[in-house]
Amino acid sequence: MRIVLLGAPGAGKGTQAKKLIDNYGIPQISTGDILRQNVADGTPLGKEAKSYMDRGELVTDRVVLGLVEDRLKKDDCKKGYILDGFPRNTAQAEALDKILASLGMSLTGALSVDVPKDDLMKRLTGRRTCKGCGQMYNIYFSLPKKEGVCDKCGGELFQRDDDKEETIRKRLDVYDAQTAPLIDYYKKKGILKSVMGIGNIDEIFKKVCTLLVR
Ligand code: AMP
């Protein structure tokens with residue numbers, strides 16, 4: 001399974017990706033996670049990326065493409081992978097096709113997770129992430145047992161800088177303008193599958209599995 005996950009910020013791509021990893025034993029390649037790690041580590045790349053991320057804008061294609069190409073060359077990608085949050089615009093999608101061709105691979109599917117905009121706002125402003133393991137919670141829908149503490153690993157929960165309201169509006173605008181056109185891009189290639197991303201997470205995951213293994 002070599003797939004791209006599409007969907008607005010807050011659509012639940014990360015959640016479904018984590019379930020796919022557990023179920024199929026393939027790695028998730030999240031450019032957002034890799035960039036955040038670089039910011040946390042204070043690498044030169046992280047320093048370059050941070051100002052874009054804090055504004056809710058896309059980091060330059062050059063930076064992101066380099067990261068993805070390096071990651072796809074790792075051994076664990078031979079059995080498949082889930083690209084989460086990449087590609088984010090048509091130029092990245094075209095570049096990805098070239099990278100994959102050079103590695104003798106192609107995508108087996110592109111999954112679009114669709115969620116109405118009002119729901120997205122609540123999901124994003126309420127989102128809290130574990131510093132330790134990345135597990136996500138929501139102050140409106142899925143509180144941890146103890147406030148501010150991860151149920152899974154006991155790590156501290158925090159609100160990502162780019163989950164603040166103003167940045168969220170910007171991220172959703174950027175999605176509409178730059179990323180949403182990729183739905184058509186993959187539809188034309190005949191590999192697009194769509195799922196409604198509202199309701200029970202496990203029910204959504206069942207539909208996702210049916211769509212992807214068909
Ligand atoms: P995410 O966690 O995927 O929503 O990403 C958080 C932020 O990281 C985005 O708002 C962008 O600033 C940056 N980012 C993540 N993936 C990409 C990408 N493929 N291209 C450009 N910027 C990205």
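Only the coordinates and a few stated rules stand behind these numbers; no lab work does. All figures in this text were calculated on a predicted structure; none of them were measured in a lab. We place every Cβ from the backbone using ideal geometry, glycine too, and count neighbours over all the protein chains shown.
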Placed amide H near SER30: partners under 5 Å, 5+ positions off or other chain: ASP84
Rough spin-label spacing in nm, given labels placed 7 Å along Cα→Cβ, for ALA40 and ASP97: 3.5 nm
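Could you grab the relative contact order for the chain? Cα pairs under 8 Å, six or more apart, rounded to a whole percent. Mind showing how you got there, number by number?
Working: 302 pairs, mean separation 63.4, N = 214.
Relative contact order comes out at 30 percent.
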Euclidean distance between Cα centres, segment 178-212 to segment 67-83, Å: 21 Å
FRET efficiency, 1/(1 + (r/R0)^6) with R0 25 Å, evaluated for LYS164 and THR60 via beta carbons: 0.65
The chain, dipole about Cα centre (Lys/Arg Cβ +1, Asp/Glu Cβ -1), debye to the nearest 20: 480 debye
Mean Kyte hydropathy of 0.0 or more with a Cα span along the axis of at least 20 Å, helices from DSSP in the chain: none
Student exercise, segment 65-187 dipole from Lys, Arg, Asp, Glu Cβ charges, in Debye to nearest 20: 360 debye
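Under the 0.36 nm per residue contour assumption, what length would be gained going from the current alpha-carbon distance of THR90 and SER106 to full extension? It would help to have the intermediate numbers written out before the result.
Numbers: separation 16, 0.36 × 16 = 5.76 nm, distance 1.66 nm.
Value of the extension gain: 4.1 nm.
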Amide hydrogen neighbours beyond the local backbone of TYR81, cut-off 5 Å, H modeled: ARG2, ILE3
